[in-house]
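Structure first, commentary second.
The values are calculated or read from the model by the stated rules, or taken from the named source; none is laboratory data. Quick caveat, the model's predicted, so the values are computed rather than measured. All Cβ positions, even for glycine, are placed from backbone atoms using ideal geometry, and neighbour counts span all protein chains on display.
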Amino acid sequence: MKRNILRTFLPLIVVILMLLLLSTGNREESGLFRRTRLLMGTVVEISVPGEGDRARMEAAVDEAFGEMARLENLLGRRQKGSDVWKLNHNPGVDIPVSAETLDAVSEGLRISDISRGAFDITLGRLMELWNFEDGREAPPSPEAVEKALKSSGSGNVKIDVSGGTIRLLSGIHLDLGGIAKGYIIDRAAELLVGRGVKNFIVNAGGDMVITGRKGKKPWRIGLQHPRREGEVVAHVDIDEDVAIVTSGDYERYFIHDGRRYHHILNPSTGYPAEGLMSVTITAGDAKTADAICTAVFVLGVEEGMELIDSLDGIEGMIVDRDGEKYLSAGLKGKVVPR
Ligand code: AMP
Ligand code: MG
């Protein structure tokens, strides 16, 4: 058990230690103000080029962290008392939920539609069964997977936007893990903009919203190598406001009998999606990037790239299981592979 916990949290611990070595909460490097906090199971960092009214900027950054914590407590399946927790614990009942939950669920259902079910916010029971968070060492039985899979399906989410309620049918449980992080960092970015912070990055473990510029230069973003921790697989220079999100089979997983079992499930089998190691998506906002990213991971190279190409303002890079990289048209020439 101890080994499990260590293995589950080792990458996180390494990241935290690195951050601690580099900083004590705030870091300033060539005029860049950075602050980090542990949220959504990862290290969230807000970076702001240190210009303008310093006290106002710091207050806005603090407020943005507070807002992210508040939203995590609404949208998290494992957060006792969250909207999602209430829904999952009250089957068949119209539950009043916050405007943010209505929003995130509506967006989740929309992406589910356009990805023809590859993105699915109703995999709560399967995620509870696989329980990647607490260090599972072997896959669940096929019978258990089959059973949990039966309690899923977006048609079982009854949403009443004007009444402000959601009802879950057929014993399904919601899991917004594939979209919540994006939704939450979008809101943090909106808050910063509303407080007059013009240039910043909100980075939640590699999923980021990038706004404005770092001085006169574009932001240079490194994309995590799916197998070599701490190494980048490519760089991309960002000179416009954009969200970049990556989904990978290395984020939460265990190895059993030489096979990798990771946290992105194929809704048609109930088992981890096969074929890819990572997907990176850029979009105008992080909630769309986040959900599309997870969907493309499930769809694989061909169908995934078709989905990316069919959507305006969305680009992507797919890394398949052999490490082969595929870029959508709009990223060619922008992403510099290493
Ligand atoms: P991401 O890291 O954004 O790709 O999201 C992975 C998380 O999304 C998992 O930890 C689950 O909470 C949830 N998830 C897993 N499979 C799916 C899926 N097919 N559709 C939507 N959400 C999923
Ligand atoms: Mg996602």
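Computed quantities for the displayed model
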{"quantity": "Selection from the range 133-160 of residues that are modelled with pLDDT under 95 and either touching a His at 6+ places or on another chain (Cβ under 7 Å) or under 15 Å from residue 87 (Cβ atoms) (or both)", "calculated": "137"}
{"quantity": "Residue satisfying all of: in the range 240-263; within 13 Å of ligand 1 (Cβ to nearest atom) and part of a loop (DSSP other than H, G, I, E, B); farthest from residue 229 (Cα to Cα) among these", "calculated": "263"}
{"quantity": "Condition broken by residue 116, with the remaining ones in (1) more than 15 Å from ligand 1 (Cβ to nearest atom); (2) free of Cβ contacts under 8 Å to residues at least 12 places away in the same chain; (3) not polar (S, T, N, Q) satisfied", "calculated": "(1)"}
{"quantity": "The range 264-288, subset within 11 Å of ligand 2 (Cβ to nearest atom) and not in a strand (DSSP E or B), residue surrounded by the most Cβ atoms within 10 Å (Cβ to Cβ)", "calculated": "286"}
{"quantity": "Residue identified as within 16 Å of ligand 2 (Cβ to nearest atom) and modelled with pLDDT of 95 or more among 41, 76, 66, 81", "calculated": "76"}
{"quantity": "Members of the range 119-147 that are free of Cβ contacts under 8 Å to residues at least 40 places away in the same chain and closer than 23 Å to residue 41 by Cβ", "calculated": "129, 131, 140"}
{"quantity": "When residues of the range 298-338 are limited to those that are free of Cβ contacts under 8 Å to residues at least 60 places away in the same chain and assigned to a strand (DSSP E or B), the one nearest to residue 275 (Cα to Cα)", "calculated": "320"}
